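Okay, structure first, notes after.
The values are calculated or read from the model by the stated rules, or taken from the named source; none is laboratory data. This one's a predicted model, so the numbers in the text were calculated from it and none came from an experiment. Positions of Cβ are generated from backbone atoms using ideal geometry, with glycine treated the same way; all protein chains shown enter the neighbour counts.
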Amino acid sequence: MHTIGGVFGHAAPGPQQLAVAAMQSNRFVAMGVSRTYWDYYFGYGLFVSAYFALVTVLLWQMSNIARTHAALLRPLLLTLAAIFVLTACIAGRYFFAGPMAMELVMAALLLAAWWKAEPASAA
């Protein structure tokens, strides 16, 4: 949805179109390259979509490993849960409740998987 709605969506007539036009027309040099705020907006939207797609693939791969070696995944599950808590905080501060809620659901599911995976000493 980040790519469809945020990146490839269309601005409504009026103030939204004016804001997009301003983002697209104001150029500046960053690290020797000419960019606009629209470039950043568009690029970050694609970045987030790629990030979530790759995390989905990573979790799918981890689910296959969990069938036989769940305890080995505990540190990864905890790290991923921390990432989703952090992104939930960012979403709550800079975006809105929907993305924040989904990030918190992901963190809760990862923590549940961490809890369910037996520690290596108990295995």
- Query: Taking M106, is it at pLDDT 95 or above, in a helix (DSSP H, G or I), within 21 Å of G45 (Cα to Cα) and aliphatic (A, V, I, L, M)?
  - Reply: yes
- Message: If I ask for residues that are surrounded by fewer than 17 Cβ atoms within 10 Å (Cβ to Cβ) and in contact with a helix residue (DSSP H, G or I) (Cβ under 7 Å, 6 or more places away or on another chain), which ones from the range 101-123 would you list?
- Response: E118, P119, A120, A123
- Test: L86 is at pLDDT 95 or above, in contact with an Asp or Glu (Cβ under 9 Å, 6 or more places away or on another chain) and either aliphatic (A, V, I, L, M) or not in a helix (DSSP H, G or I) (or both): yes
- Looking only at the range 52-63, decide whether some residue is touching a His at 6+ places or on another chain (Cβ under 9 Å), surrounded by 11 or more Cβ atoms within 10 Å (Cβ to Cβ) and of a type in the set (A, V, I, L, M, F, W, C). yes
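One line per residue, one yes/no per condition, for (1) part of a strand (DSSP E or B); (2) of a type in the set (S, T, Y); (3) touching an Asp or Glu at 6+ places or on another chain (Cβ under 7 Å); (4) within 27 Å of H10 (Cβ to Cβ):
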{"position": "R35", "(1), (2), (3), (4)": "yes, no, no, yes"}
{"position": "V55", "(1), (2), (3), (4)": "no, no, no, no"}
{"position": "A71", "(1), (2), (3), (4)": "no, no, yes, no"}
{"position": "A81", "(1), (2), (3), (4)": "no, no, no, no"}
{"position": "M100", "(1), (2), (3), (4)": "no, no, no, yes"}
